[in-house]
Amino acid sequence: MIWLCFFWFSLLYGCTFFASPSKDVFSPLRFISIKFAVFNLPFIFFTALYPDSFLKGILTVCHTDVYSAFYNYTLLQTLAYVSLVGGILLFKPKTGVTENNAASFNPHGVLWITVCLFAVAMAGYVFFLARIGGLGYLLSHLKERVSLQGGQYSLILLELFPLVLLLVLLLSRHYGRVAKKYFFLLLCLFFLVYTSFGSRKPAMIVAFASLGGWHYYVEKIRVNRNTVLAGVIASVLLVSYIIAIPILRGGNQKLTAADKNPCYTVSKNFLYNFSYVFIDVFAANYFNDSNAWHMEGYFAPAGAFMHKGDKGGIPQVDQGVYFKSIYLQQKDFRPPMPRNSVCKTSWPTENFGFAYANFLWIGVVVFFFLQGVVFSGAYNLFQKQYFNPVMLLFYLQVLVQFNFSSLRIAFFLKTLPLYCLCWFVFNKFALHKNQKEI
């Protein structure tokens with residue numbers, strides 16, 4: 001059954017990619033086919049090779065076996081993917097970005113905005129370090145990174161890092177190689193900053209935004225010998241980074257002499273850090289009519305913003321803590337519950353886990369369809385202001401991060417005012433007056 005799951009999704013994702021009306025690799029339909037293939041297929045392939053590698057705790061708490069679990073997952077994930085494609089096609093995304101319809105920009109205005117945003121973002125990072133006791137303290141307490149970042153509102157300014165890189169790539173159209181040199185220097189600097197938090201996803205977002213910016217502002221990414229070679233090198237570096245970060249923050253990813261098959265151990269550790277398939281399999285097999293959440297506690301964390309003092313009695317924004325608590329404690333947890341009653345780490349629910357945990361298969365259809373509509377809408381907005389990096393960053397963030405889980409909705413509510421401010425500043429000081437209409 002697991003091999004059938006692998007071949008079925010390989011066919012489904014491949015057909016979606018080649019049937020896409022747009023040849024733009026970052027168009028919604030093409031991108032989701034790549035994203036699903038990259039994040040799902042390696043995990044499914046590994047599990048098909050080693051069925052016993054799948055987490056026994058998931059199978060126990062769901063009262064099932066690995067083959068039945070993947071059968072249910074295959075049915076529901078297919079329904080989710082088809083609904084997502086339907087939402088994208090219904091909104092009719094345009095078939096490609098054309099620079100003829102793009103706004104022209106003032107390079108000097110873009111340069112000043114870039115410098116100012118870089119200074120503001122770095123100031124946010126320095127202010128955070130000053131509040132917690134310096135860089136040395138942060139590096140020596142990476143195990144407590146979540147609590148250290150709690151309530152540190154200056155960290156929202158670090159969301160400007162990807163925008164700075166996109167602005168520099170836009171400037172490369174005017175300043176050429178000089179701007180590209182600064183781009184690579186800044187990219188290395190931002191990776192170091194995110195590494196100091198023991199974080200992987202923000203660094204991956206920066207890398208993805210850089211790839212998108214290069215595609216739209218420097219040179220179109222096409223499949224050929226050079227891009228394949230570059231992709232292989234980038235993949236090796238990415239895998240190494242994902243494996244190294246848990247070791248840096250004191251995780252349990254180190255190999256020991258007792259490991260009889262180090263390749264198997266490294267591969268399993270990597271896939272369980274890289275893919276969310278095991279979380280989706282858990283959700284698809286655990287929830288049913290008797291324990292579905294029906295949006296209980298979804299809005300409860302909003303009270304945390306008005307609550308002063310100890311917040312141990314306030315529910316977590318991330319409902320993935322209930323998923324992991326169910327797995328660890330082998331008993332039912334459901335929102336809302338005080339954060340001191342559940343585990344401190346989570347299994348991100350993402351769109352699939354959120355939809356199925358709350359409304360079962362109907363939720364999967366509705367929320368994946370709506371997600372597809374949002375993807376197409378963001379793509380069309382970006383095309384209307386092609387040379388505004390804020391619109392490009394917003395679109396790329398939507399592609400990678402947007403879903404209807406409480407954690408992702410909270411992220412977009414938090415960052416949207418910052419993006420709106422940047423959009424206004426760019427339109428005011430960088431676009432020519434006759435090109436400011438969206």
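Of all residues in the range 1-42, those satisfying the criterion of being among the basic types (Lys, Arg) and touching a residue at least 60 places away in the same chain (Cβ under 8 Å) are 23, 35.
For the range 167-215, filtered to residues that are of a type in the set (Gly, Ala, Ser) and over 22 Å from residue 273 (Cβ atoms), the residue that is farthest from the chain's Cα centre (by Cα) is 176.
Per-residue answers, yes or no, for (1) part of a helix (DSSP H, G or I); (2) of a type in the set (Phe, Trp, Tyr); (3) in contact with a Pro (Cβ under 9 Å, 6 or more places away or on another chain):
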{"position": "11", "(1), (2), (3)": "yes, no, no"}
{"position": "15", "(1), (2), (3)": "yes, no, no"}
{"position": "23", "(1), (2), (3)": "no, no, no"}
{"position": "40", "(1), (2), (3)": "yes, no, no"}
{"position": "46", "(1), (2), (3)": "yes, yes, no"}
{"position": "52", "(1), (2), (3)": "yes, no, no"}
{"position": "115", "(1), (2), (3)": "yes, no, no"}
{"position": "123", "(1), (2), (3)": "yes, no, no"}
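Please go through the range 185-231 and pick out each residue that is of a type in the set (Lys, Arg) and surrounded by 15 or more Cβ atoms within 10 Å (Cβ to Cβ). Selection gives 200 alone.
Please name all residue pairs, on different chains or six or more residues apart, with Cβ atoms under 8 Å, provided the first residue is in the range 289-305 and is on the phi < 0 side of the Ramachandran plot and modelled with pLDDT under 90 and the second residue is open to solvent by 30 Å² or more (accessible area, probe 1.4 Å) and of a type in the set (Val, Ile, Thr). Listed pairs, sorted by first residue: 301/317; 304/317. Show the residue pairs meeting these rules: Cβ distance below 9 Å; 6+ apart or different chains; first residue within the range 404-423 and more than 22 Å from residue 84 (Cβ to Cβ) and free of Cβ contacts under 8 Å to residues at least 40 places away in the same chain; second residue open to solvent by less than 60 Å² (accessible area, probe 1.4 Å) and not in a helix (DSSP H, G or I). These pairs meet every condition: 423/385; 423/388. If you go through the range 122-179 and keep only what is within 21 Å of residue 215 (Cβ to Cβ), without any contact (Cβ under 8 Å) to a residue 60 or more places away in the chain and of a type in the set (Phe, Trp, Tyr), you end up with just 161.
For the range 380-389, the set of residues classified as assigned to a helix (DSSP H, G or I) and either open to solvent by 10 Å² or more (accessible area, probe 1.4 Å) or closer than 11 Å to residue 209 by Cβ (or both) consists of 380, 381, 383, 384, 389, listed by residue number. Selection over the range 25-38 of residues that are open to solvent by less than 20 Å² (accessible area, probe 1.4 Å) and assigned to a helix (DSSP H, G or I) gives a count of 4.
Within the range 278-294, the residues that satisfy the criterion of being within 17 Å of residue 78 (Cβ to Cβ) and open to solvent by 10 Å² or more (accessible area, probe 1.4 Å) are 280, 285. Considering (1) surrounded by 15 or more Cβ atoms within 10 Å (Cβ to Cβ); (2) outside any loop (DSSP other than H, G, I, E, B), the lone condition that residue 420 does not fulfil carries the number (1). Looking at the range 18-37 only, could you name the residues that are over 20 Å from residue 369 (Cβ atoms) and touching a Ser or Thr at 6+ places or on another chain (Cβ under 9 Å)? Within the range 18-37, 18, 23, 24, 37 qualify. Within the range 332-362, the set of residues being touching a residue at least 60 places away in the same chain (Cβ under 8 Å), part of a loop (DSSP other than H, G, I, E, B) and more than 19 Å from the chain's Cα centre (by Cα) comprises just one member, 344. The C-beta contact set for the range 43-54 (first residue farther than 10 Å from residue 3 by Cα, second residue charged (D, E, K, R) and open to solvent by 30 Å² or more (accessible area, probe 1.4 Å), distance under 6 angstrom, 6+ apart or interchain) comprises 53/268.
Contact annotation: residue pairs with Cβ atoms under 9 Å, 6 or more positions apart or on different chains, pairing a residue in the range 367-385 that is hydroxyl-bearing (Ser, Thr, Tyr) with a partner that is assigned to a helix (DSSP H, G or I) and open to solvent by less than 10 Å² (accessible area, probe 1.4 Å), are 376/28; 376/87; 376/88; 379/28; 379/88; 379/395; 379/398; 379/399. Restricting attention to the range 109-149, the residues that are open to solvent by 50 Å² or more (accessible area, probe 1.4 Å) and either hydroxyl-bearing (Ser, Thr, Tyr) or under 26 Å from residue 246 (Cβ atoms) (or both) total 14.
Among the residues making up the range 377-397, those that are at pLDDT below 90 and in contact with a Ser or Thr (Cβ under 9 Å, 6 or more places away or on another chain) are 383, 386, 387.
The values are calculated or read from the model by the stated rules, or taken from the named source; none is laboratory data. Quick caveat, the model's predicted, so the values are computed rather than measured. Virtual Cβ from ideal backbone geometry, glycine too; neighbours counted across all protein chains shown. Accessible surface areas use protein heavy atoms only, side chains included; no ligands, DNA or RNA. Shrake-Rupley method; radii C 1.70, N 1.55, O 1.52, S 1.80 Å.
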